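What follows is one structure encoded as structure tokens, with my remarks underneath.
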Amino acid sequence: PDFSLALDFRQPAEELLKNTRVRRVRLNGGRALSQFSELFGVKEQEEEEYAYLHDDHPGLIYIPAAFTPSAQRTLIKGCLKEYSRHPNKSNLDTHYKVPSSGLWDLHENVYLKKQSLEDPSVFVPRKADVDNQAHGYGSDDDDGDDDDGQDQDANGNRKKQENGPRPKPTPSPQQPAAKKPKPSAPPQRRAMVPITDETPTVPDNVPKIDPEPSSQVPILPPSQLIRKMRWITLGYQYHWPSKTYHFDQNAPFPKELCILSKAVVAAVDNSEGEEEEGGNFPYPYPAEDFVAEAGVINYYQLKDRLMGHVDRSELNKHAPLVSFSFGHSCIYLLGGPTREQSPTPILLQSGDILVMTGPCRSAFHGVPRIIEDTLPEYLKPDPANPEWDIYADYLAEARINLNIRQVYPPKSSTTSTSDPTTTTNPEVKVE
């Protein structure tokens, strides 16, 4: 496929700025990102860093290549291992009795041969088999129909399993044997269900009922089940059926992600335009008012896509939405407030940051394509760092997006004393 029409913010500035719709701004104070937070990593040559705006999409601010390779690896590990643990919820929690320590630890034990696939305890049981009254979180595409081609490569061939041929799992007494698999189907793209526009309201006196677990989902080895994980919700947990937040379910927000997202808001606040253009970023948001209250980690496999949608679940529509990309590149379509506006295709690459604020918060956007064979070399297996191999193995067919939001309005736009480690806003509830 030809992706040459996608806007590449990493091309040399002199080429990029030939596009008269693109403008460059200097980050707050002309400082390097590492001066806002060490979580960005320290680059070999610390220079002034820039972000880019697009006149067709007011409120968009794009920071290319924001992280060092080492900083990216650290955040990827967090997204796969640390942040996927309870009390954060995933789509798998709807149907499976996922260990509180998370699925990644189980996958790691098998990958490192600390546990064998002959051990029934490595297979996560179905929740419906354990407790028929259990409730969970899920999305419309978690309906137990898993013949989505994820076990095939781009040519329709079955993927090589890292732990040898797939054994037949031995059912435990409380787990009936899995049903005979359906005939194989041609590879299909899987549509991820986003936090969408037209969010319905749910009265306070009406309970938000969670989906019932299915007894039809397959029992899979950890290496396969981990690739069925679509998303993790951070902070305020999200009720997918009503597309609203569970205001009474607020998991502690990871401290480092609070610091990182606030650092991004501080970096873009008061960004300065080029001398010949003049003017600052027109939609500032004071960093002291920003509180990370909710987030979603989206895990894309190569055949996945995210349907076009608008994020309207937050009570605070003025706060920036901060989005981080890791792993394979993707095509990101950014439109306008209605579907009538033609979208701009953007090439999102590993280590890039996309910030949506002002009018851009009401823009339709989606991810129609993950681009194969675009994983950076520094995220591939490293003989000098064998500990990274399991993460490189996962990323060989994946992209990770981490996005962070503020749900509630700030306590005060002028006197806020929010600390970077703050996880909640007392009287407010968020995604």
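List of remarks:
- So ILE371, is it more than 14 Å from LEU321 (Cβ to Cβ) and open to solvent by less than 60 Å² (accessible area, probe 1.4 Å): yes
- Residue in the stretch 302-310 that is more than 26 Å from THR244 (Cα to Cα) and modelled with pLDDT of 90 or more present: yes
- Subset of the stretch 79-105 (residues that are in contact (Cβ under 8 Å) with a residue 40 or more places away in the chain and in a helix (DSSP H, G or I)): CYS79, LEU80, GLU82, ASN91, LEU92, ASP93, THR94, LEU103, TRP104
- Listed by first and then second residue, the pairs with beta-carbon distance under 9 Å, at least 6 apart or on different chains, first residue in the stretch 256-269 and basic (Lys, Arg), second open to solvent by 30 Å² or more (accessible area, probe 1.4 Å), are LYS262/PHE36; LYS262/GLU288; LYS262/SER418; LYS262/PRO420.
- Inter-residue pairs, beta-carbon under 7 Å, first among the hydrophobic types (A, V, I, L, M, F, W, C) and in the stretch 303-315, second open to solvent by 40 Å² or more (accessible area, probe 1.4 Å), 6+ apart: VAL310/SER362; LEU315/PRO409
- Single residue of ALA65, ALA71 found to be of a type in the set (A, V, I, L, M), open to solvent by less than 50 Å² (accessible area, probe 1.4 Å) and on the phi > 0 side of the Ramachandran plot: ALA65
- Whichever residue in the stretch 298-328 is open to solvent by less than 10 Å² (accessible area, probe 1.4 Å) and hydroxyl-bearing (Ser, Thr, Tyr) and, among such residues, is farthest from ASP2 (Cα to Cα): TYR299
- Which listed residue is without any contact (Cβ under 8 Å) to a residue 60 or more places away in the chain and either polar (S, T, N, Q) or open to solvent by less than 10 Å² (accessible area, probe 1.4 Å) (or both), from LEU16, LEU33: LEU16
- When we screen ASP373, ASP352 for residues that are under 25 Å from MET229 (Cβ atoms), out of contact with any Ser or Thr (no Cβ under 8 Å at 6 or more places or on another chain), among the charged types (D, E, K, R) and at pLDDT 95 or above, the only hit is ASP373.
- Filter result for PHE9 (open to solvent by less than 10 Å² (accessible area, probe 1.4 Å), farther than 30 Å from GLU387 by Cα, modelled with pLDDT of 95 or more and not small (Gly, Ala, Ser)): yes
- Test: HIS57 is closer than 20 Å to ARG399 by Cβ, in contact (Cβ under 8 Å) with a residue 12 or more places away in the chain and not in a strand (DSSP E or B): no
- Residues within the stretch 38-52 that are open to solvent by less than 80 Å² (accessible area, probe 1.4 Å), in contact with a Lys or Arg (Cβ under 8 Å, 6 or more places away or on another chain) and not in a strand (DSSP E or B), tallied: 1
- Failed item in (1) among the hydrophobic types (A, V, I, L, M, F, W, C); (2) over 21 Å from ALA65 (Cα atoms); (3) touching a Leu at 6+ places or on another chain (Cβ under 9 Å), with MET356 passing the rest: (2)
The values are calculated or read from the model by the stated rules, or taken from the named source; none is laboratory data. Since the structure is predicted, the reported quantities are computational estimates derived from the model, not experimental observations. Counting neighbours? That spans all protein chains shown, and the Cβs are built from the backbone with ideal geometry, glycine included. Accessible surface areas use protein heavy atoms only, side chains included; no ligands, DNA or RNA. Shrake-Rupley method; radii C 1.70, N 1.55, O 1.52, S 1.80 Å.
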